Amino acid sequence: MKKIKILLVLILGIVLVTGCNIKPKTANKHTIMVTNFPCYDIARALTKDTNIEVKMLLKPGAEIHDFEPTPQDIINIQKSGMFIYVGGESDEWINDVLKDIDASSTKLIKLVDLVDLKEEEIVEGMEAEEEENEEEEEYDEHVWTSPINMITMINKIKDDVINLDSSNKDKINTNASNYIKELETIDSKIKEVVKTAKRKELIFGDRFPLRYFVDEYNIKYYAAFPGCSEQTEANAKTISYLINKVKKDKVPVVLKIELSTGNIANTIAKETNTKVLEFNTAHNITQDDFDKGITYIDIMNNNIEVLKEALN
Ligand SMILES: [Zn+2]
């Protein structure tokens, strides 16, 4: 963390020195900057066939929790008409950046402000992360993992997007309602899978950033670590707890999340003669999928196929 702080000070120094002559009087209303894939997906859906361009800071395929902005990124944020970010632990750098730049003509949208937040949860068998400051309440930033939250967020962001390109008001409204319809279809498909499933329990041999998802559909879960813990090596106690859980409840699938080594899930699956499947939490997508225009809806449709196996 300290390393990031020092780097930010350096970057801000560069921006402030070089930034004097590029400080825009009015931002470019036709650009939306976003930090990561969920923000990108929302902005892309709303701005379809309009004059607005959406740019994602995080490179496709990159790990979201390690993101560090370049001076150019900071300049782009300052020049944009809207900046959408999640606002959780991995976005802490943004608070420092916003303190030091003039983003007064940029509409700032923080996803965690748009929905009801849940705290990170430690369930039985899970290995808690060693916190830098224990007393700090840690809420779960992965609000996008619930399709219902996605609908709420789109409804709340829609009018701000219209403000950027009011000549396309009708189009943006149609984009919003079309995307909401797709999300509602996803929601009812998941409900149907859960309703008819043999079990309502998932085992993640991995980190667990899906609290909003499982709470929405009343699914129980066990996992190696909460949220997006930086830990990737589980201790023997955690692994053996999960192995016993898989055996006892005869769970057919051990889950891992995207861009994970899958080491813990593989170990558990090998010991229990089960298989590993990937549940994509939509933090980021690969360059290949990005170029193909893969959406949150596509990701969730794949997850529904995974759920069908894991819950039966
Ligand atoms: Zn995360």
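Taking the options 304, 285, 294, name whichever one is under 21 Å from the mean Cα position of the chain (by Cα), at pLDDT 95 or above, β-branched (Val, Ile, Thr) and assigned to a loop (DSSP other than H, G, I, E, B). Walk me through how you get there before you give the answer.
Numbers: 304 fails: assigned to a loop (DSSP other than H, G, I, E, B); 285 fails: at pLDDT 95 or above.
The match here is 294.
So that you can scan it fast, the table gives a plain yes or no per residue for (1) of a type in the set (Asp, Glu); (2) surrounded by 22 or more Cβ atoms within 10 Å (Cβ to Cβ); (3) in a strand (DSSP E or B):
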residue	(1), (2), (3)
223	no, yes, yes
229	no, no, no
233	yes, no, no
237	no, no, no
244	no, no, no
247	no, no, no
254	no, yes, yes
Original post:
Would you say residue 132 is acidic (Asp, Glu), at pLDDT below 95 and within 24 Å of residue 85 (Cβ to Cβ)?
Top reply: yes
Subject >> Filtered residues of segment 52-76 (kept if within 23 Å of residue 151 (Cα to Cα) and surrounded by fewer than 16 Cβ atoms within 10 Å (Cβ to Cβ)) >> reply: 53, 55
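In segment 270-287, how many residues are away from the ligand (no atom under 13 Å from the Cβ), crowded, with 18+ Cβ neighbours inside 10 Å and under 19 Å from residue 57 (Cα atoms)? Full working, then the answer.
The first filter runs over segment 270-287 and keeps only residues away from the ligand (no atom under 13 Å from the Cβ), leaving 270-279, 285-287.
After this cut, where a residue has to be crowded, with 18+ Cβ neighbours inside 10 Å as well, the list is 272, 274, 276-277, 279, 285.
Going one step further and asking which of them are under 19 Å from residue 57 (Cα atoms), we end up with 285.
Counting residues in segment 270-287 that are away from the ligand (no atom under 13 Å from the Cβ), crowded, with 18+ Cβ neighbours inside 10 Å and under 19 Å from residue 57 (Cα atoms) gives 1.
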Subject >> Residue among 177, 188 that is of a type in the set (Ser, Thr, Tyr) and in the same structural domain as residue 306 (by TED's automatic domain parsing) >> reply: 188
Original post:
Looking only at segment 74-94, which residues are closer than 20 Å to residue 160 by Cβ, within 12 Å of the ligand (Cβ to nearest atom) and either of a type in the set (D, E, K, R) or in a helix (DSSP H, G or I) (or both)?
Top reply: 91
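Going by what's in this entry, would residue 197 be described as more than 16 Å from the ligand (Cβ to nearest atom), among the aliphatic types (A, V, I, L, M), modelled with pLDDT of 95 or more and not assigned by TED's automatic domain parsing to the domain that holds residue 233? Even if it seems obvious, please write down each step before you answer.
Numbers: more than 16 Å from the ligand (Cβ to nearest atom): yes; among the aliphatic types (A, V, I, L, M): yes; modelled with pLDDT of 95 or more: yes; not assigned by TED's automatic domain parsing to the domain that holds residue 233: no.
No.
Given the options 99, 118, 110, name the one that is of a type outside the set (Ser, Thr, Tyr) and away from the ligand (no atom under 16 Å from the Cβ). Spell out how you get there, then give the answer.
Details: 118 fails: away from the ligand (no atom under 16 Å from the Cβ); 110 fails: away from the ligand (no atom under 16 Å from the Cβ).
After applying the criteria, what remains is 99.
Is it true that residue 258 is within 16 Å of the ligand (Cβ to nearest atom) and surrounded by fewer than 20 Cβ atoms within 10 Å (Cβ to Cβ)?
Details: within 16 Å of the ligand (Cβ to nearest atom): yes; surrounded by fewer than 20 Cβ atoms within 10 Å (Cβ to Cβ): yes.
The answer is yes for residue 258.
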Subject >> First in segment 224-239 and of a type in the set (Val, Ile, Thr), second anywhere and surrounded by fewer than 13 Cβ atoms within 10 Å (Cβ to Cβ), Cβ under 8 Å, 6 or more apart >> reply: 232/261
Original post:
Would you pick out the residues in segment 161-179 that are under 22 Å from the mean Cα position of the chain (by Cα) and either outside any helix (DSSP H, G or I) or buried (at least 17 other Cβ atoms within 10 Å of the Cβ) (or both)?
Top reply: 161, 175, 176, 179
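Please state which one of 213, 204, 225 is modelled with pLDDT of 95 or more, within 16 Å of the ligand (Cβ to nearest atom) and under 14 Å from residue 126 (Cα atoms).
Values: 213 fails: under 14 Å from residue 126 (Cα atoms); 225 fails: modelled with pLDDT of 95 or more.
Answer to the check: 204.
The values are calculated or read from the model by the stated rules, or taken from the named source; none is laboratory data. Here the structure is a predicted model, which means the values were calculated and not measured. Virtual Cβ from ideal backbone geometry, glycine too; neighbours counted across all protein chains shown.
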